[in-house]
Amino acid sequence: MADETIVPGAPAAPVEPAAPVEPVEPAASSGPVDRVLEFIRILEAGGGAAEIRPYLADTFTLVEAPHLLAPGGSTRTLADVLAGADQSSQVVANQEFIIRRTTCEGGRVAVEADWSATVLMDIRYWDRGETIRARTSSVFEVRDGLIVSQDSYDCYFR
């Protein structure tokens, strides 16, 4: 979640510690689609920086198109994404990605999914305990088994 989603002054919700998530090393025959889907499953399991880092290149960039929670969109570096991954467990729990469709051309992987999570604190448009939902489309670029970029297009339901 972006910093924009946190309401200043909102009380922090008690957070139960998540079970550790073990990173999955790429299989020798793992292709770009498999690598991206492994990454998504780690996110879904609540993986923090240590768990997602093995999937991301040093030059990783995340570009989010404008959406309900970030009207101006955003561009994040690897450091930004890793910091956000460690904070996300304070904002949402029970993440679920229902993969609707994937396609791959070379190292470029497009994923369409339905995402949902339980909100652990009051954020813009949702109160603590509510389910937040979005239809997402992301385009990943994978090189040498690492994700080098992700362009994300999220449509949140209110």
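The values are calculated or read from the model by the stated rules, or taken from the named source; none is laboratory data. What you see is a predicted model; the values in this text were computed from it and never measured. Positions of Cβ are backbone-derived with ideal geometry, glycine not excepted, and every protein chain shown enters the neighbour counts.
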Output the residues belonging to region 119-158 that are among the polar types (S, T, N, Q) and under 17 Å from SER88 (Cβ atoms).
THR131, THR136, SER138, GLN150, SER152
What's the total number of residues in region 69-78 that are loosely packed, with under 15 Cβ neighbours inside 10 Å, more than 14 Å from the chain's Cα centre (by Cα) and either more than 17 Å from ALA134 (Cβ to Cβ) or aliphatic (A, V, I, L, M) (or both)?
1
Can you name every residue in region 64-103 that is part of a loop (DSSP other than H, G, I, E, B) and in contact with a helix residue (DSSP H, G or I) (Cβ under 6 Å, 6 or more places away or on another chain)?
LEU69
Residue count, region 114-147, condition closer than 15 Å to GLU96 by Cβ and more than 18 Å from the chain's Cα centre (by Cα), comes to 1
Only one of (1) over 12 Å from the mean Cα position of the chain (by Cα); (2) buried (at least 17 other Cβ atoms within 10 Å of the Cβ); (3) at pLDDT below 95; (4) among the hydroxyl-bearing types (Ser, Thr, Tyr) fails for SER89. Which number is that?
(1)
Checked ALA117, ALA83, ALA65 against criteria (surrounded by fewer than 16 Cβ atoms within 10 Å (Cβ to Cβ), free of Cβ contacts under 8 Å to residues at least 60 places away in the same chain and over 19 Å from PRO32 (Cα atoms)); the one match is ALA83
Identify, from the list GLU51, GLU64, GLU44, the residue that is of a type in the set (Asp, Glu), more than 12 Å from the chain's Cα centre (by Cα) and either at pLDDT 95 or above or within 27 Å of ARG128 (Cα to Cα) (or both).
GLU51
Looking only at residues that are charged (D, E, K, R) and surrounded by fewer than 16 Cβ atoms within 10 Å (Cβ to Cβ) in region 25-52, which one is farthest from VAL109 (Cα to Cα)?
GLU25
Condition check: touching a strand residue (DSSP E or B) at 6+ places or on another chain (Cβ under 9 Å), of a type in the set (Phe, Trp, Tyr), surrounded by 15 or more Cβ atoms within 10 Å (Cβ to Cβ) and more than 20 Å from ARG41 (Cβ to Cβ). Does TYR125 satisfy that?
no
Lone unmet requirement of (1) crowded, with 17+ Cβ neighbours inside 10 Å; (2) under 19 Å from ASP144 (Cα atoms); (3) of a type outside the set (Asp, Glu) for THR59:
(1)
Give the residues of region 104-139 that are closer than 21 Å to THR77 by Cα, in a strand (DSSP E or B) and either touching a Lys or Arg at 6+ places or on another chain (Cβ under 7 Å) or modelled with pLDDT under 95 (or both), sorted by residue number.
VAL139
